[in-house]
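Below: the structure, in structure tokens.
The values are calculated or read from the model by the stated rules, or taken from the named source; none is laboratory data. These numbers were taken from a predicted model, which means no experiment stands behind them. Neighbour counts run over all protein chains shown; Cβ positions are idealised from the backbone, glycine included.
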Amino acid sequence: MNALSPRVGAVVAAVVAVAGLGGVVPVAQAAPTQPAAVASGLVWGSASSATIHPGVRVSMAGITCVAGFVFADGTHAFLGVPGGCTGAGQVDNSKCDAGQVPYGLKVAIGGAHYKGTLVYSSVTEMELRSEQRTNVCKNNSLSLVRLDRRDIKRTNPSVPALGGPTGVSNAQPAAPDQLEVYLGAPTMAQAVSSGSGGWAHTLMVDGPVSATSIGAVVLTSDGKALGMVTTTPDGGGGQIIATDLRLELRYLHKIGKFADVQLARGTKKFAPALPLVG
């Protein structure tokens, strides 16, 4: 399929609020392990049995990557993927001119019974709005795939084996901060630096990575969502780049139809699977 820059987008707005179970709801990391209901009645599957979650494979237009975090608006659920998954892969978008597949494209999702639909691309929206800031063009890399409503019951936002996310991180990690990357299994990473006005975080990963690791989620030591992996080395190891989810959501929220789409917090309590180095 030829890469396109469509001129339409459609989705959602409403605030995600995880409903409390049994009275007082513990905050942050002490999220309930039961399925969590969203305000308007959207209910997740259980973390132990859900087949759609961060880390499943997502394929469209011949490109395969990893699903990042789950988002919701109380009516719909979405998987986040980097712009490289909805375009031509890992390409330089510093001029905001990288091609993207069209909105409405059907997306194959691992663990789903039905295909999802591409409804948002930050790359497309930046081009439509004539974004000129090089650091934003290069690193604002969030696309949203809307799940078929019939698959929501098979979905849980918890990161496998780790739990969380407990929220969106405001941190700008630097060496030697310890992070967790989910690459099919929990993998330790160490922050190297943050740059591009806070849009990009360079990490050293203690394990192999490849082009198909694009989209892997990165969590801080307290389980907050830092971002998704958007750049991997050619050699399959070493330093990777994750773009800043907080800033990507800030950009998303400037677009009226998406103003209230929020990160879905994990229903499983965050527990680091790897020891942190002091």
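Within segment 97-121, the set of residues being in contact with a strand residue (DSSP E or B) (Cβ under 7 Å, 6 or more places away or on another chain) and either part of a strand (DSSP E or B) or of a type in the set (Ser, Thr, Tyr) (or both) comprises 100, 103, 106, 107, 108, 109, 116, 117, 118, 119, 120, 121. Can we say residue 127 is within 25 Å of residue 59 (Cα to Cα) and of a type in the set (Asp, Glu)? When the stated conditions are applied, residue 127 passes them.
Against the numbered list (1) in a loop (DSSP other than H, G, I, E, B); (2) surrounded by fewer than 23 Cβ atoms within 10 Å (Cβ to Cβ); (3) touching a residue at least 60 places away in the same chain (Cβ under 8 Å), residue 54 comes up short only at (2). Of everything in segment 92-122 that is β-branched (Val, Ile, Thr) and within 15 Å of the chain's Cα centre (by Cα), the residue that is surrounded by the fewest Cβ atoms within 10 Å (Cβ to Cβ) is 119.
Here residue 209 meets each of (1) over 24 Å from residue 44 (Cβ atoms); (2) among the aliphatic types (A, V, I, L, M); (3) at pLDDT 90 or above with one exception, condition (3). For segment 170-206, taking the residues that are surrounded by fewer than 21 Cβ atoms within 10 Å (Cβ to Cβ) and of a type in the set (D, E, K, R), the one that is modelled with the highest pLDDT is identified as 177.
For segment 206-229, how many residues meet the condition of being hydroxyl-bearing (Ser, Thr, Tyr) and closer than 26 Å to residue 62 by Cα?
So the answer is 3.
Do you know which residues across segment 77-91 are within 13 Å of residue 141 (Cα to Cα) and within 18 Å of the chain's Cα centre (by Cα)? Selection gives 80, 81, 82, 83, 84, 85, 86, 87, 89, 90. With respect to residue 66, determine if the residue is under 17 Å from the mean Cα position of the chain (by Cα), buried (at least 21 other Cβ atoms within 10 Å of the Cβ), of a type outside the set (S, T, N, Q) and within 17 Å of residue 54 (Cβ to Cβ). The answer is yes for residue 66.
With the condition kept exactly as written, say whether any residue in segment 78-94 is out of contact with any strand residue (DSSP E or B) (no Cβ under 7 Å at 6 or more places or on another chain) and of a type in the set (D, E, K, R). Yes: one or more hits. Screening residue 232 on (1) surrounded by 24 or more Cβ atoms within 10 Å (Cβ to Cβ); (2) at pLDDT below 90 shows it passes everything except condition (1).
Looking across segment 123-144, the residues that are buried (at least 20 other Cβ atoms within 10 Å of the Cβ) and β-branched (Val, Ile, Thr) come down to 123, 124, 136. Would you pick out the residues in segment 81-134 that are at positive phi and either among the hydrophobic types (A, V, I, L, M, F, W, C) or touching a helix residue (DSSP H, G or I) at 6+ places or on another chain (Cβ under 9 Å) (or both)? If the condition is that a residue be at positive phi and either among the hydrophobic types (A, V, I, L, M, F, W, C) or touching a helix residue (DSSP H, G or I) at 6+ places or on another chain (Cβ under 9 Å) (or both), then 89, 96, 111 are the ones that fit. Entry remark, segment 133-173: residues being assigned to a loop (DSSP other than H, G, I, E, B) and either touching a residue at least 12 places away in the same chain (Cβ under 8 Å) or in contact with a Cys (Cβ under 6 Å, 6 or more places away or on another chain) (or both) number 22 in total.
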